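Reviewing the structure listed below.
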Amino acid sequence: MERAGYAQVIPPILEDIGVFHRVGEATDVVTKEMYDFVDKGDRHVALRPEHTASICRAYVQHRPATPFKVWYAGPNFRYEKPQRGRYRQFDQVGIEVLGVDDPDLDVEVIALGWEFLSSLGLKQVSLLINSLGESSERTDFISALNSYLESRRGALSQESISTLERNPLRVLDSKREQDQEVILGAPKIVDFLGNDSRRHFERVQAGLDVIRIPYTVEHRLVRGLDYYRQTTFEFSGGTLESAQNALGGGGRYDSLVEDLGGPATPGIGFAIGVDRTLLACDDESVFPIDKRVPEYFVIDTTGGSEALVVTTELRGSGFSVDRSFSGRSMKSQMKAADRSGAPYAIIIGSDEVVNEIVLLKSLRTDEPQEVVQRSALITRLREKKK
Ligand code: AMP
């Protein structure tokens, strides 16, 4: 992200609750899932459920030059029913750009998310994209969708019927078998796009084509909130269960900055869930799980501070070193050294201290134990590393 000109922003974990209320009154995230409380100074605050609102708040407060390109990584909190891939504290990594409407930027943002996931080694990720057009186009679409869903009400699941009453767009999210036939026949938002929106969406697709990022236009990918517009996208993890298979998602939004008291400013961003991404990495075995093993284990039977001095010196010179504590016996320190997995032990007893030497003992092979001058220890270990 930094190679692409994005700077890190670290928003606070606690914000005034108004920051989230203004940007998401209609979302479950804000209405049902927020951890909010009144602090000792009678301020109504919330643990952030996401980063975008705080970034828009910071933009309004500090008015940086545009394009304002930032990345973030950190925990969010939502009062959800915990299950695999859905937790009450979870981490996201993401970016936001404020101040630019160019479809090339949509492509840049999508590409950064895509490259991030592929650079981890994930292969079973698909990119889904759609366009939500402008708000008047959405209004026409929603009204057509509503009439259609009402006309097919009898064929919908009980859950979708109640969703329909609250927000017809959300019915398209239903993964229930019973709803699928109705959803397949539903009107598509792309058919409601005006010329400008259509052109914007075509430019985004052409951009993804030229940089060879594969995508699928997914008509069901609509967002329930008024401030989303134009491009919307999702990275879907092929190994995850369908209810939790979104590794991340994002899109364009409008009016967040205005709602927080700033000037009209277009925005776009994505948030990738770190926890789910790690689940996908496990499923695809993309990370070798290597146990951290120290290079050296210091055994000190003198009861003095030799182990402290040697570990500090070696760590300061870039070696990974561990030791045991509490003046344990030689035998028990040797056991600890073995357990640590370190290939070598550095042994220091009273004789060694007197003679200003240490013993370098292999814990894995039969190579003979080596006597090393204390003053030449680091040089010797560096030689061994070569
Ligand atoms: P959202 O901010 O709701 O658009 O979510 C973006 C991404 O954050 C999702 O695709 C998930 O990977 C992740 N995410 C959202 N909510 C949770 C949660 N409760 N637990 C774990 N990951 C989550």
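Just so it is clear, none of the values below were taken in a lab; they were calculated from the coordinates. All figures in this text were calculated on a predicted structure; none of them were measured in a lab. Counting neighbours? That spans all protein chains shown, and the Cβs are built from the backbone with ideal geometry, glycine included.
Round to the nearest 10 and give me the degree value, 0 to 90, for the angle of helix 330-340's Cα axis relative to the longest principal axis of the chain.
Approximately 30 degrees, to the nearest ten.
Give the calculated FRET efficiency between Asp338 and Ile378 to the nearest 0.05, with a Förster radius of 25 Å applied to their Cβ-Cβ distance.
After rounding, the FRET efficiency stands at 0.55.
Check Glu134: other-chain or 5+ apart residues with amide H under 5 Å from its amide H, H built from backbone geometry?
Close amide H contacts, sequence-distant or interchain: Gly194, Gln230.
To the nearest 500 deg cm²/dmol, what mean residue ellipticity at 222 nm is calculated for the chain from DSSP H runs of n ≥ 4 alone, each contributing -39,500 (n - 2.57), summed and divided by the residues?
Computed mean residue ellipticity for the chain: -10500 deg cm²/dmol.
Label-point separation (nm) for Glu33 and Lys386, each offset 7 Å from Cα along Cα-to-Cβ?
5.7 nm
Please give the contour-minus-distance gain from Lys123 to Ala73: 0.36 nm per residue of separation, less the Cα-Cα distance, rounded to one decimal in nm.
Taking 0.36 nm per residue and subtracting the Cα distance, the gain is 15.7 nm.
Under the definition of Cα pairs under 8 Å and six or more residues apart, what whole-number percent is the relative contact order of the chain?
15 percent
Take the alpha-carbon centre of segment 318-354, take the same for segment 166-229, and report the distance between them in whole Å.
Using only Cα atoms, the two centres lie 62 Å from each other.
Looking at the chain from every direction and averaging, what is the projected area of its Cα convex hull in nm²?
It is 26.8 nm².
Counting Lys +1, Arg +1, Asp -1, Glu -1, what net charge surrounds Thr365 among other residues with beta carbon under 14 Å of its beta carbon?
Net of charged neighbours comes to -1.
Sorted from fewest to most neighbouring beta carbons within 10 Å, what does the list Thr163, Thr66 look like?
Least to most surrounded, the residues fall as Thr66, Thr163.
Quick one: what are the phi-derived ³J(HN,Hα) couplings along segment 297-311, Karplus 6.51/-1.76/1.60 with θ = phi - 60°, whole Hz, x for glycine and proline?
3J(HN,Hα) across segment 297-311, in whole Hz: 10, 8, 10, 10, 9, 7, x, x, 9, 4, 4, 4, 5, 5, 4.
Which whole number in µm²/s is D for segment 107-247 by Stokes-Einstein, with the Kirkwood Rh taken over Cα pairs at 20 °C and 1.002 mPa s?
133 µm²/s
Quick one: Karplus J couplings for segment 171-179, per residue in order, coefficients 6.51, -1.76, 1.60, θ = phi - 60°, nearest Hz, x for Gly and Pro?
4, 5, 7, 4, 9, 5, 3, 4, 8
Rounded, prolate or oblate for segment 11-100? Axes are the square roots of the Cα gyration tensor eigenvalues, ordered a ≥ b ≥ c, and the cut-off for rounded is a/c under 1.5.
Oblate, because a/c is 1.5 or more while a/b does not exceed b/c.
Work out the FRET efficiency for Thr66 and Ser143 from their Cβ-Cβ distance, taking R0 = 41 Å, and round it to the nearest 0.05.
For Thr66 and Ser143, the calculated efficiency is 0.75.
How far apart, in nanometres, would the label points at Ser320 and Arg212 be if each is projected 7 angstrom from Cα along the Cα-to-Cβ direction?
3.5 nm
What is the fewest-to-most order of Val274, Val125 by other Cβ atoms lying within 10 Å of their Cβ?
Val274, Val125
Restricting to segment 271-386, what percent of DSSP beta bridges are antiparallel, rounded to 5?
Given both bridge residues lie in segment 271-386, the antiparallel proportion sits at roughly 50 percent.
Assuming 1.567 mPa s and 4 °C, estimate D for segment 261-350 with Stokes-Einstein, Rh taken as the Kirkwood radius over Cα pairs, in µm²/s.
This corresponds to a translational diffusion coefficient of 78 µm²/s.
Return Tyr344, Tyr87 ranked ascending by Cβ neighbour count within 10 Å, so the fewest neighbours appear first.
Tyr87, Tyr344
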